[in-house]
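Each value in this text was obtained by applying a stated rule to the coordinates, not by laboratory testing. These numbers were taken from a predicted model, which means no experiment stands behind them. Positions of Cβ are generated from backbone atoms using ideal geometry, with glycine treated the same way; all protein chains shown enter the neighbour counts.
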């Protein structure tokens, strides 16, 4: 599989909405102890009805996002995703409120909320760990 373009990775994540942001952050390592395959498993379990089984439908998407993260880095992708979501009319409060509805760790929710606050304030973010 050739490397996906940044636009393709961003488009896929924006298409998923807030779950796409969560997937990006989990794959990027901001989800706490989850890393690599464990991050993908945790992200799959957080998607849609049926837990991980429902999330298996998103596995090809996870592969593209993972390749995008390795090629472009979480920071660059996250900034582009938030810019695109903002241009599509997502408000800061809408994103912050939706994050609370997902079954992910408090640490991941806090990290993602901090990045959204930072982006909507400065139109940039600092490197995600």
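Could you calculate the FRET efficiency of residue 94 with residue 5 from 1/(1 + (r/R0)^6), where r is the beta carbon distance between them and R0 is 35 Å, rounded to 0.05? If you can, show how the numbers build up before the last one.
Working: r = 27 Å, r/R0 = 0.78.
The value I calculate is 0.80.
Could you give the length gained by full extension between residue 67 and residue 126, i.e. 0.36 nm per residue of separation minus their alpha carbon distance, to one decimal place?
Working: separation 59, 0.36 × 59 = 21.24 nm, distance 2.09 nm.
19.1 nm is the gain from fully extending residue 67 to residue 126.
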